[in-house]
Amino acid sequence: MTEKNTLTVRDNRSGEEYEVEITDGTVRATDFGKIGKTDDSPGLAVYDPGFTNTASTRSAVTYIDGDKGILEYRGYPIEQLAENSTYLEVAYLLVNGELPNQKQHEQWVHDITFHTFVHENLKSSMQGFRYDAHPMGQLMSSVGALSTFYPEARNIKDPEVRMAQVVRLIAKMPTLGAWSFRHAQGKPYVYPDNDLSYTENFLSMLFKMSERKYDADPRLVKALEVLFILHADHEQNCSTNAVRSVGSSQVDPYSAVSAGIAALYGPLHGGANEAVLRMLKRIKTKDNVPAFIEGVKNGEEKLMGFGHRVYKNFDPRATIIKKAVDDVFEVTGVNPLLEVAQELEKIALNDEYFVKRKLYPNVDFYSGLIYEALQFPPEMFTVLFAIPRTSGWLAQWLELVDDPEQKIARPKQIYTGGRQLDFTPASQRWA
Ligand code: CMC
């Protein structure tokens with residue numbers, strides 16, 4: 001039998017047969033549009049809410065094999081990057097496609113370091129937020145506002161202009177994230193310290209008070225580097241899809257990334273780590289775990305930090321984070337909620353409900369415990385996700401802008417509403 005990379009589809013409504021090409025394990029949805037197409041009918045469409053089985057792009061940024069628990073950035077396994085690299089080197093890798101040589105690395109670190117300051121007017125605008133404004137809301141709008149400070153960013157066809165915004169965004173995210181945290185605490189904003197590394201500087205802007213120089217514990221700096229590397233990209237997730245979808249309108253990258261931050265804010269995505277910690281606090285003790293699990297199984301609520309659209313055996317990031325938990329607790333002392341988390345994991349991994357549905361701890365299950373040990377309030381957790389994810393969003397955005405196959409995102413719908421209704425004026429309807 002000769003092997004043919006096609007699919008033969010027989011439309012039983014008409015008896016007609018169509019041959020559809022298979023490329024890279026996919027068929028083109030537009031080829032299905034030819035099936036049953038007449039002057040009066042638009043042809044077959046594909047219905048896939050949530051894009052559960054639809055590839056929206058070709059991408060060379062991140063590879064995931066969910067069944068085998070593999071995650072690679074530009075082909076490099078996440079375990080090796082977390083062990084041996086720094087966040088800024090990984091950001092370079094994601095954005096440029098390959099690891100930097102020494103000169104490129106020095107230039108990159110220099111450029112990022114010297115773009116960490118933000119315009120004073122943006123600082124004033126952040127000061128206008130209510131005292132209790134959620135830091136993610138502050139971050140989302142401040143990143144959107146950056147587009148008004150760099151109007152040239154609209155010129156997305158120019159590679160130099162594009163790269164200048166990429167550097168600015170990666171550089172300024174820790175500043176805006178830290179200021180959103182200081183704002184909620186009523187503390188003065190701390191300016192960047194360009195003598196410090198990316199993560200040290202972030203910690204300094206978060207926690208520095210009257211000391212002349214903030215001196216972070218190197219073990220905590222390392223843990224934050226690892227967490228930043230783990231969160232840097234995750235291929236076509238909800239927020240990346242938002243960045244790509246909004247970016248497909250050819251808007252500037254600040255607006256597109258701001259849409260990504262909005263998507264990440266939600267509890268089913270980046271907001272999950274905040275939800276995990278609130279859940280652990282509510283469960284409170286190990287003894288309450290069985291009753292909580294019963295509630296989850298009865299559909300009363302979800303076990304936050306469990307389950308993943310892609311990973312069906314384990315989330316490789318969760319394995320690395322679990323190790324970082326020990327390193328951080330060595331410095332900060334053990335968080336009593338760790339016991340609750342471990343008991344939840346133990347019971348869930350042996351319970352048929354979770355086993356059958358392939359629900360395992362994801363990246364957010366343990367990250368919240370680390371963040372709390374580092375003295376972050378839960379509202380800050382998603383900000384800690386958004387800062388490193390910015391390099392991934394931008395790598396994906398750069399790819400989108402250069403991809404000749406991409407068009408403005410515009411899905412179809414199956415219309416379910418009324419048709420051709422006669423409008424009755426309000427004066428008659430309300431009479
Ligand atoms: N607790 C209890 N049941 C769950 C959970 C959970 N955390 N996750 C999924 N299920 C059940 C779900 O109810 C469904 O059961 P049934 O087949 O009986 O209807 C089944 O498992 C399949 O779930 P799904 O909702 O169809 O799966 P999905 O791929 O659409 O959702 C998910 C993936 C991550 C949104 C979901 O697992 C979830 O809501 N988890 C909790 C939130 C969370 O931890 N999110 C962080 C994800 S990792 C960070 C990131 O990359 O954003």
(message) Taking 8 Å as the Cα distance limit and 6 or more residues as the minimum spacing, I'd like the relative contact order of region 320-420 as a percentage.
(response) 27
(message) Placing unit charges on C-beta atoms (Lys and Arg positive, Asp and Glu negative, everything else neutral), compute the dipole magnitude of the chain about its Cα centre in debye, rounded to 20.
(response) 1100
(request) Can you check what the net charge comes to around residue 188, using other residues whose Cβ is under 10 Å from the Cβ of residue 188 (Lys, Arg +1; Asp, Glu -1)? (result) +3
(request) Quick one: what are the phi-derived ³J(HN,Hα) couplings along region 8-14, Karplus 6.51/-1.76/1.60 with θ = phi - 60°, whole Hz, x for glycine and proline? (result) 9, 10, 10, 8, 5, 6, 10
(request) Rank by packing, highest mean first: peptides 338-345, 27-34, with packing defined as the count of other Cβ atoms within 10 Å averaged across residues. (result) 338-345, 27-34
(request) Just subtract the alpha-carbon distance of residue 352 and residue 148 from 0.36 nm times their residue separation and send over the number in nm, one decimal. (result) 68.2 nm
(request) Assuming a ≥ b ≥ c are the square roots of the Cα gyration tensor eigenvalues, decide whether region 1-47 counts as rounded (a/c under 1.5), prolate (otherwise, with a/b larger than b/c) or oblate. (result) oblate
(request) Kindly list the residues of region 25-42 that lie in the label zone of residue 4, defined by a backbone N under 20 Å from the point 7 Å along the Cα-to-C-beta vector. (result) 25-36
(message) Let me check against my output: what whole-number percent is the relative contact order of region 1-47, with C-alpha pairs under 8 Å and at least 6 apart?
(response) 24
(request) Helix by helix through the chain, keep the DSSP H runs that span 15 Å or more along the axis on Cα and average at least -1.0 on Kyte-Doolittle, and give those back in order. (result) 135-149, 159-185, 218-230, 253-265, 272-283, 316-332, 337-349, 363-373, 381-402
(message) Suppose R0 equals 35 Å. What FRET efficiency, 1/(1 + (r/R0)^6) with r the Cβ-Cβ distance, do residue 312 and residue 428 give to the nearest 0.05?
(response) 0.05
(message) Which aspartates and glutamates, if any, have their Cα less than 15 Å from the Cα of residue 157, not counting same-chain residues under 8 positions apart?
(response) 252, 399, 402, 403
(message) Students often get this wrong, so check it: of 34/412; 172/322; 172/208, which have C-alpha atoms separated by over 22 Å?
(response) 172/322
(request) May I ask which residue of 280, 334, 227 lies farthest towards the positive end of the charge dipole of the chain, with charges of +1 (Lys, Arg) and -1 (Asp, Glu) on Cβ and the Cα centre as origin? (result) 280
(message) Which residue fluctuates most in the GNM of the chain (Cα springs below 10 Å): 186, 260, 15?
(response) 15
(message) Can you give the local net charge around residue 289? Use residues other than it whose beta-carbon is closer than 12 angstrom to its beta-carbon, Lys and Arg +1, Asp and Glu -1.
(response) -2
(request) Compare the peptides 146-153, 72-79, 386-393 by average per-residue count of other Cβ atoms within 10 angstrom and give them in order, highest first. (result) 386-393, 72-79, 146-153
(message) Less than 13 Å Cβ to Cβ from residue 267, Lys/Arg counted +1 and Asp/Glu -1: what total charge do the surrounding residues give?
(response) -2
(request) Take the chain, connect every pair of alpha-carbon atoms lying under 10 Å apart with a spring to form a Gaussian network, then pick out the residue of 418, 50, 368 with the largest mean-square fluctuation. (result) 418
(message) For the chain, what does the relative contact order come out to in percent, with C-alpha contacts under 8 Å and a separation of six or more?
(response) 19
(request) Tell me which residues come under 5 Å, amide H to amide H, from residue 360 once H is placed; ignore anything under 5 positions away on its chain. (result) 307, 308
(request) Return the subset of 123/187; 123/222; 297/356 for which the Cα-Cα distance in this structure is over 18 Å, preserving the input order. (result) 123/222
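Here, each number is a calculation from the coordinates, and none is a lab measurement. Since the structure is predicted, the reported quantities are computational estimates derived from the model, not experimental observations. When we count neighbours, we look across all protein chains shown, and the Cβ atoms used for this are built from the backbone with ideal geometry, even at glycine.
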